[in-house]
Amino acid sequence: MPSRREFFLHRKHAIVTGGSKGIGFALASELVNKGCHVTIIARNVNDLKNASGKLQELADSRGQNQKIAWKSLDMTAPYEIIKEAFDNAAKELGPIDILINNAGHSVQAPFCDLPITDFENQMKINYLSAVHATRAVVDEMKQRQTGHISFVSSAAGQFAIFGYSAYSPTKFALRGFADTLHMELLPFKVNVGVLYPPNTDTEGFKVEIETMPEETRLMSESAGLFTPEYVAQQHISDIESGNYSTTIGLDGWMLGNLTAGACPEKSLARGLVQVCFAGLFRAITLVYLGYFNGITKKCQKRRFKLEKEKASSKSD
Ligand SMILES: NC(=O)c1ccc[n+]([C@@H]2O[C@H](COP(=O)([O-])OP(=O)(O)OC[C@H]3O[C@@H](n4cnc5c(N)ncnc54)[C@H](OP(=O)(O)O)[C@@H]3O)[C@@H](O)[C@H]2O)c1
């Protein structure tokens with residue numbers, strides 16, 4: 001097992017993509033609480049000004065001369081634009097020690113109802129934006145032999161359910177990328193981590209609920225709802241301890257152990273739980289899968305019946 005390297009956050013420069021709202025803002029706040037200088041990135045300038053104002057207030061209340069900056073940047077822009085923005089951020093607040101790839105969103109609908117362009121767009125914002133941001137910072141981290149890079153995946157990046165055919169693969173892709181990167185960066189003392197948030201009470205999630213197919217809503221209801229602050233605290237604590245995966249809640253913990261597969265593990269205790277309970281967790285997941293398949297069949301049956309009734313009332 002690779003040895004677990006603790007990561008000290010005090011006076012480090014952290015960049016959080018999608019840091020103006022939701023989980024990203026909560027992560028940025030927690031990093032300020034730990035003594036970091038923070039740059040947040042998003043597109044909407046008003047949201048950025050508002051969020052950075054709040055972060056600066058929090059920083060000032062700590063009295064340690066922490067700096068906050070923001071950049072309006074579309075993370076789906078070409079690599080050269082991303083690189084330039086990150087280089088400028090480093091000039092303003094110092095070399096980038098921590099990158100949190102959080103910007104993203106989900107679209108959900110049955111596969112055949114999704115415009116084909118959604119598949120490319122989801123990949124661009126949820127996956128490729130993280131690849132570009134990582135490439136923009138990693139050389140300097142390797143040279144300096146220090147740094148941390150996080151990827152905000154999703155519980156849907158561990159367990160793909162109805163309606164997520166465009167979203168889930170992008171979050172699974174992050175995990176594959178992070179697994180590789182973790183191994184490549186080990187000799188350079190650069191840490192990598194993955195956060196798997198479950199349903200989290202953010203603006204993004206509210207939009208998601210409005211457009212959720214009935215099946216997805218019924219399935220995700222079983223997962224509960226967490227606050228962005230709680231999710232952020234768990235992840236920042238794992239960054240500090242040098243852990244690779246952050247899962248949230250009991251279901252998340254079980255799913256994390258079940259899907260650990262060949263992913264990196266630095267904690268002996270966590271590794272032992274995965275080895276001992278893999279079979280039990282697989283059995284529990286099979287029960288969930290059976291329940292979810294039942295929901296899919298029931299909803300389709302009901303829709304089919306309704307369509308039949310409509311067709312017969314038209315022909316009458
Ligand atoms: N909330 C959940 O239940 C949940 C569950 C699992 C995983 N996640 C993941 O967690 C991350 C954050 O989700 P959230 O719920 O906190 O979302 P949110 O409330 O919608 O916030 C998204 C943030 O990303 C920024 N953003 C979106 N598109 C961008 C782009 N093209 N370029 C730059 N910034 C962009 C947004 O600002 P602008 O719009 O101004 O750009 C905003 O700051 C996402 O990757 C999401 O997939 C969320």
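The values are calculated or read from the model by the stated rules, or taken from the named source; none is laboratory data. Small disclaimer: the values here were computed from a predicted structure and weren't measured. Reconstructed Cβ throughout: ideal geometry from the backbone, glycine too, with neighbour counts over all protein chains shown.
A single entry from D47, D74, D87 fulfils the requirement of being within 13 Å of the ligand (Cβ to nearest atom), closer than 27 Å to V192 by Cα and among the charged types (D, E, K, R): D74. Here H132 fulfils each of the conditions (1) in a helix (DSSP H, G or I); (2) without any contact (Cβ under 8 Å) to a residue 40 or more places away in the chain; (3) more than 24 Å from P228 (Cβ to Cβ) apart from (2). Here S52, S106 are screened, and the one residue that is without any contact (Cβ under 8 Å) to a residue 60 or more places away in the chain and within 16 Å of the ligand (Cβ to nearest atom) is S52. Looking only at the range 153-180, residues that are assigned to a helix (DSSP H, G or I) and within 16 Å of the chain's Cα centre (by Cα) come to 15 in all. The single residue among E84, E120, E57 that is outside any loop (DSSP other than H, G, I, E, B) and either in contact with a His (Cβ under 9 Å, 6 or more places away or on another chain) or under 30 Å from I161 (Cβ atoms) (or both) turns out to be E120. Taking the listed residues E229, E210, E203, E240, the one that is touching a Phe, Trp or Tyr at 6+ places or on another chain (Cβ under 9 Å) and either more than 19 Å from S20 (Cβ to Cβ) or of a type in the set (D, E) (or both) is E240, with no other qualifying.
The residue of the range 136-147 that is nearest to the chain's Cα centre (by Cα), among those that are in contact (Cβ under 8 Å) with a residue 40 or more places away in the chain and surrounded by fewer than 22 Cβ atoms within 10 Å (Cβ to Cβ), is V138. Examine the range 229-252 for a residue that is of a type in the set (A, V, I, L, M, F, W, C), surrounded by fewer than 22 Cβ atoms within 10 Å (Cβ to Cβ) and away from the ligand (no atom under 12 Å from the Cβ), and state whether such a residue exists. Yes, because at least one residue in the range 229-252 is of a type in the set (A, V, I, L, M, F, W, C), surrounded by fewer than 22 Cβ atoms within 10 Å (Cβ to Cβ) and away from the ligand (no atom under 12 Å from the Cβ). Of all residues assigned to the range 90-98, none qualifies as being within 16 Å of the ligand (Cβ to nearest atom) and either surrounded by 18 or more Cβ atoms within 10 Å (Cβ to Cβ) or of a type outside the set (D, E, K, R) (or both).
Reported count of residues in the range 99-114, each being buried (at least 20 other Cβ atoms within 10 Å of the Cβ), part of a loop (DSSP other than H, G, I, E, B) and not polar (S, T, N, Q), is 2. The residue list I40, I23, I15 contains one member that is within 26 Å of K266 (Cα to Cα), modelled with pLDDT of 95 or more and near the ligand (Cβ under 8 Å from one of its atoms), which is I23.
Determine whether L93 is in contact (Cβ under 8 Å) with a residue 12 or more places away in the chain, within 22 Å of F172 (Cα to Cα) and in contact with a His (Cβ under 8 Å, 6 or more places away or on another chain). Considered against the rule, which asks whether it is in contact (Cβ under 8 Å) with a residue 12 or more places away in the chain, within 22 Å of F172 (Cα to Cα) and in contact with a His (Cβ under 8 Å, 6 or more places away or on another chain), L93 comes out as no. Across the range 13-55, the qualifying residues are those that are under 13 Å from the mean Cα position of the chain (by Cα) and of a type in the set (A, V, I, L, M), and the one among them that is surrounded by the fewest Cβ atoms within 10 Å (Cβ to Cβ) is A26.
Which is within 13 Å of the ligand (Cβ to nearest atom), surrounded by 21 or more Cβ atoms within 10 Å (Cβ to Cβ) and charged (D, E, K, R), of K171, K124? Lay out the reasoning, then the answer.
On the way: K124 fails: surrounded by 21 or more Cβ atoms within 10 Å (Cβ to Cβ).
After applying the criteria, what remains is K171.
Listed by position, the helices (runs of 4 or more DSSP H) enclosed by the range 189-307 include none that has at least 2 residues that are aromatic (F, W, Y) and at pLDDT 95 or above.
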